[in-house]
Amino acid sequence: MVTRPPVVAGQFYEANPAQLKSRIEWCFTHRLGPGKLPKPSESRKPESKGFIAPHAGYVFSGPVAAHTYFKIAEEGKPDTFVILGPNHTGVGAPVAVYPNGEWVTPLGKAVIDAELAAEILRRSKVAAPDRSAHESEHSIEVQLPFLQYIFEEVTFIPIAMLYQTPQIAKDLANAIVEAAKELSKDVVVIASTDMSHYEPHELAVRKDRIVLDRIEALDPEGLYDAVLTRDISMCGPGPAMVMLYFSKALGATRGEVLKYATSGDVTGEKAWVVGYAAARTL
């Protein structure tokens, strides 16, 4: 079995398992986090269709990300998580699906849903099986320890997006919907993205609010237009659009911002910040 080792353990999050669990609990109980530890539901309560979570170092974005994972815990474990992230490295296929194997973090192994991955690849015109895009990419990896903290076993599909347009996002979303229906699988999509990068705090908040409004309105095309025309340096519009198209296809009627903050809210340094959002669709 092909195994992908962690590549940002010790950088974006702690490499020691006990210290990593402690850091995740810090995220949940932080003043910008949910304020308490999650209690995973033993039964599945599928209220949300998809989620957005940030992917910076846990000391910066972890408390915001914890809002997404607190809600995921409340709703119980689906069959498979599809985690989409932007491709920051430029390596690999334009839309790269990690086809099979397992990913390792300090908290254990997460298994790829090879059956569903193959069905998505069969139905998508844009996706390709490719591991190279994932070898040094952090945007998907940093989501796994949160899921592993909540659930003993995690099954997922990682998809890295270098090309991020509405047409590509819609194709991929439709492929996920059709594949999940074909295999009768309960799938939750997680879009990994940070918001504005390296702007003064107040400007980042104003710009990011434009995007968050589009997420709440389930408007992927409007999100894309805002990113382009308002010079918003959101790194994962593609994953967010996939999540929105997927959610709309499953009957979602609105989006909800669970938490928004900037790195300045965490560190107090507000001259240049990065924005972070946790959101869901329902």
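Readers should treat all values here as calculations from the given coordinates under stated rules, not as data from a laboratory. Note that the structure is a prediction, hence the values are computed from the model and not measured. For neighbour counting, all protein chains shown are included, and Cβ atoms are generated from backbone atoms with ideal geometry for every residue, glycine included.
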Peptides 223-234, 258-269, 33-44, 56-67 ordered by average Cβ neighbours within 10 Å, highest first: 56-67, 258-269, 223-234, 33-44
Excluding same-chain residues fewer than 8 positions from LYS259, which lysines have a Cα within less than 16 Å of its Cα? LYS36, LYS71, LYS207
Any chance you could check the Cα centroid distance between the range 64-93 and the range 243-282 for me, in angstrom? 13
Relative contact order for the chain: what percent, with Cα pairs under 8 Å and sequence separation of 6 or more? 25
When you count, for each residue, the other Cβ atoms within 10 Å and take the mean per peptide, how do 124-131, 113-120 rank with the highest first? 113-120, 124-131
Using Cα extents along the principal axes in Å as the read-out, say which of (i) 57, 40, 32; (ii) 48, 41, 40; (iii) 47, 44, 37 was calculated from these coordinates. (iii)
Output the peptides 184-193, 18-27, 241-250 sorted from most to least packed, where packing is the average of other Cβ atoms within 10 Å over each peptide's residues. 241-250, 184-193, 18-27
For THR193, the residues 5 or more places away or on another chain with a placed amide H closer than 5 Å to its own amide H are ALA53, HIS55
